[in-house]
Amino acid sequence: MKELPGRLVLLGHPVAHSLSPVFQGAALEAAGIPLQYELLDVAPADLASMVGLLADARAAGNVTLPHKESIFAWCARRSPVAERVGAVNTFWTEEGALVGDNTDVGGFTFAVAHLLGRDPEGLRVGILGAGGAAAAACAAVEQWPDSQVVVHARSAARAEQLAARFAGVATAVASEMHTVDGVDLLVNATPLGLDGALMPIAPGMIPAQTAVLDLTYRRGRTPFVKACRARGLRADDGLPMLVEQGALAFERWFGVEPDRAAMWRSIRAPETP
């Protein structure tokens, strides 16, 4: 096992809603590691000073919205995956400086495999959104054999920019209809649909053979996922991605695999992978 970090934190704004302390706490307990996973709610204006404090404390941890792209710039060294995505969600300290990685990519691949019941390959993926979550999804699809992405976002310019970054596998499309036309997997990489008031796309527009992955999450699944399932679609939310990216982060911090079963038991997941 690696030398333990001085602190283990989740950095974001806000963070009070996060389930990460629950399953990371279970993993720490199962491994007998005497650390507490802390929530750090840091406003963007205070991020620069916090980075210095974390480095001085030999901290490690996770990063969530809205800091993933900002922390990327503050890391002295970044993994190739983080460089590809342009965002960091996992970090640790080496020689007084932050090192960044992105385990969202591996978490996304796990979530897709969990949903489909097989390793992802030969897939046409439609993505709603063009932010950091969509970029992580594109970086994952880039690693899958014979797979392609079509991107749709409210901002056509942002969709085109994201597709250009992943030109080998991605194209931008003009409408939601084109995003669901002929895709095997539809990914909601926007926050729409979490409250049930607005859906990212009407479930009735989604073909019966298309699987749906909503990257937002809540206990008991999101309203969007529930609406898709009510239509008979294969659908799940982002909880498997959340837990797996946390498990991969645990490996980066400590050099050992966490007890994934303990992590899932701690949040009483409806379906344990």
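The values are calculated or read from the model by the stated rules, or taken from the named source; none is laboratory data. From a predicted model like this one, the values you see are computed outputs, not experimental measurements. Cβ atoms come from the backbone with ideal geometry, glycine included; neighbour counts cover every protein chain shown.
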What residue, among those in the range 180-201 that are closer than 26 Å to residue 242 by Cβ and of a type in the set (Gly, Ala, Ser), is nearest to the chain's Cα centre (by Cα)? 189
Residue that is farthest from residue 77 (Cα to Cα) [pool: residues in the range 121-137 that are hydrophobic (A, V, I, L, M, F, W, C) and in contact (Cβ under 8 Å) with a residue 60 or more places away in the chain]: 123
Within the bounds of the range 64-75, is there any residue that is of a type in the set (S, T, N, Q), out of contact with any Asp or Glu (no Cβ under 9 Å at 6 or more places or on another chain), in a helix (DSSP H, G or I) and surrounded by fewer than 16 Cβ atoms within 10 Å (Cβ to Cβ)? no
Please specify each residue of the range 16-37 satisfying the condition of being in contact with a strand residue (DSSP E or B) (Cβ under 8 Å, 6 or more places away or on another chain) and closer than 17 Å to residue 243 by Cβ. 18, 20, 21, 24, 25, 28, 37
Can you name every residue in the range 72-120 that is closer than 23 Å to residue 3 by Cα, β-branched (Val, Ile, Thr) and either touching a Leu at 6+ places or on another chain (Cβ under 9 Å) or in contact (Cβ under 8 Å) with a residue 60 or more places away in the chain (or both)? 88, 90, 93, 103
Would you tally the residues in the range 255-273 being surrounded by fewer than 19 Cβ atoms within 10 Å (Cβ to Cβ) and assigned to a loop (DSSP other than H, G, I, E, B)? 10
Select from the range 93-125 the residues that are surrounded by 24 or more Cβ atoms within 10 Å (Cβ to Cβ) and touching a Pro at 6+ places or on another chain (Cβ under 7 Å) and list them in ascending order. 111, 112
Per the filter on the range 1-51, residues small (Gly, Ala, Ser) and within 23 Å of the chain's Cα centre (by Cα) are 12, 16, 18, 20, 25, 26, 27, 43
Among (1) in contact (Cβ under 8 Å) with a residue 40 or more places away in the chain; (2) touching a Leu at 6+ places or on another chain (Cβ under 8 Å); (3) surrounded by fewer than 18 Cβ atoms within 10 Å (Cβ to Cβ), which single condition is residue 9 missing? (3)
Would you list the helices (runs of 4 or more DSSP H) that sit entirely within the range 100-179 and hold 3 or more residues that are under 28 Å from residue 61 (Cβ atoms) and within 15 Å of the chain's Cα centre (by Cα)? 104-116, 132-141
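Yes/no per residue for (1) assigned to a loop (DSSP other than H, G, I, E, B); (2) among the basic types (Lys, Arg); (3) not assigned by TED's automatic domain parsing to the domain that holds residue 28:
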site	(1), (2), (3)
183	yes, no, yes
187	no, no, yes
194	yes, no, yes
209	yes, no, yes
213	no, no, yes
219	yes, yes, yes
227	no, no, yes
247	no, no, no
Taking the range 181-193 and keeping residues in contact with a Ser or Thr (Cβ under 9 Å, 6 or more places away or on another chain), buried (at least 20 other Cβ atoms within 10 Å of the Cβ) and of a type outside the set (Gly, Ala, Ser) leaves 183, 185, 186, 188, 190
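Residue-wise test of (1) among the polar types (S, T, N, Q); (2) closer than 27 Å to residue 33 by Cα; (3) surrounded by 19 or more Cβ atoms within 10 Å (Cβ to Cβ).
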site	(1), (2), (3)
204	no, no, no
210	yes, no, yes
225	no, no, yes
228	no, no, yes
236	no, no, yes
242	no, yes, yes
246	no, yes, yes
253	no, yes, yes
Given the conditions (1) under 22 Å from residue 131 (Cα atoms); (2) surrounded by fewer than 15 Cβ atoms within 10 Å (Cβ to Cβ); (3) modelled with pLDDT under 95, report the number of the one that residue 80 does not fulfil. (3)
